[in-house]
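Accompanying notes for the structure given below.
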Amino acid sequence: MKAPVAEQRSLLDLQAADTRLAQLGHKAKTLPQQKRLDELAGQTSEVSHRHAAVRGELEDAELEISRVESDVEVVAARLKRDRDRLQLSSSAKDIQGLEHEITSLEKRRSDLEDIELAVMERLDDINARLAVVTEELGVFTAERDELVVSRDAALAEINHERAGVQVSRDLIAAGVSDELLALYNRQRERYGIGAALLTRGISMGSNVKLHESDLAKIRQAEPDDVVLDPDSSCILVRTEESGL
């Protein structure tokens, strides 16, 4: 293949743009903010599960104390009713029955009050643990929010530069013939680099000094001949620095 020397040399600028685009793409994928966000996601998930578990304990305890308080109210109402009936009763049998029931109800109320006290103590413990895990979750959430802002700002900066480099790349590519551009793109996609400078006998595509036999073939090529690096397979761009 033949191509004007100027077009071949412009491939170096094209490669520089593609290299920068690749660097920016890698930078966008490996932002330290995103790495920490990924770590936080796991940590926050674990704390969230603990938070949900403690909240579940709290709801169960609140439901239990609500039931106990309701039972206490029922017992208190029955006690009042029985005592009122006791005051009005003149039947020894009824009085004996009411006194027995009042004794049982008082025992029941005492047991319920003990249960209520135990549940209230458990509620205090649960609320204390909930406060700790809520604070822990809040710390993670605050850090996550800060990281998201920082990451988005970094991505916006990267995307801004990437857009500028892409415009420059498109302008450079527009000045290269379709055939040469197709070869460049093909070699870059296959081998990772499309074009490199040959300087003082060293290919910047492989960073290896070419064998004398390879250099001899290149010396015999016309200036507009497109030559490939025998090691990296990229297009070798020759200039006055090539040492030919």
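The values are calculated or read from the model by the stated rules, or taken from the named source; none is laboratory data. Being a predicted model, the structure only gives us computed values, none of them experimental. So basically every Cβ, Gly included, is an ideal-geometry build from the backbone, and we count neighbours across all protein chains shown. Just the protein is used for accessible areas: all its heavy atoms, side chains included, with ligands, DNA and RNA removed. Shrake-Rupley method; radii C 1.70, N 1.55, O 1.52, S 1.80 Å.
Annotations for the structure displayed:
- Size of electric dipole in the range 1-109: Cβ of Lys, Arg +1 and of Asp, Glu -1, about Cα centre, debye, nearest 20: 480
- The protection proxy used here, the mean number of other Cβ atoms lying within 10 Å of each residue, ranks peptides 39-45, 205-211 as follows, highest first: 205-211, 39-45.
- Neighbourhood charge, 13 Å Cβ-Cβ cut-off, centred on Ser177 and excluding it, Lys, Arg +1 and Asp, Glu -1: -3
- Set of lysines near Lys27 by C-alpha distance (under 26 Å), chain-local residues within fewer than 8 positions excluded: Lys35
- Options Gln15, Leu31, Gly42, ranked by Cα towards positive dipole end of the range 8-76, top entry (Cβ charges): Gln15
- Given charges at beta-carbon only (K, R positive; D, E negative), |dipole| of the chain in Debye: 940
- Taken along its principal axes, the alpha carbon cloud of the range 1-45 reaches lengths of 60, 16, 5 Å, longest axis first.
- Projecting the Cα positions of Pro223, Leu197, Ala182 onto the charge dipole of the range 123-244 (unit charges on Cβ atoms of Lys, Arg, Asp and Glu, taken about the Cα centre) puts Pro223 furthest along the positive direction.
- Sites Ala118 and Leu155 - FRET efficiency at Förster radius 41 Å, r taken between beta-carbons, to 0.05: 0.15
- Asp94 versus Glu59: modelled label distance in nm, points set 7 Å from Cα along the beta carbon direction: 4.9
- The residues of the chain present an accessible area of 61 Å² per residue when probed at 1.4 Å with all protein chains retained.
- Per residue, the convex hull around the alpha carbon atoms of the range 34-77 comes to 34 Å³.
- Measuring r between the beta carbons of Arg186 and Glu241 and using R0 = 25 Å, the FRET efficiency lands at 0.45.
- Calculated P(r) of the range 77-156 - Cα pairs past 23 Å, %: 60
- Classified by the C-alpha gyration tensor, the chain has a prolate form. Its axis ratio a/c, with a ≥ b ≥ c, is 1.5 or above, and a/b is larger than b/c.
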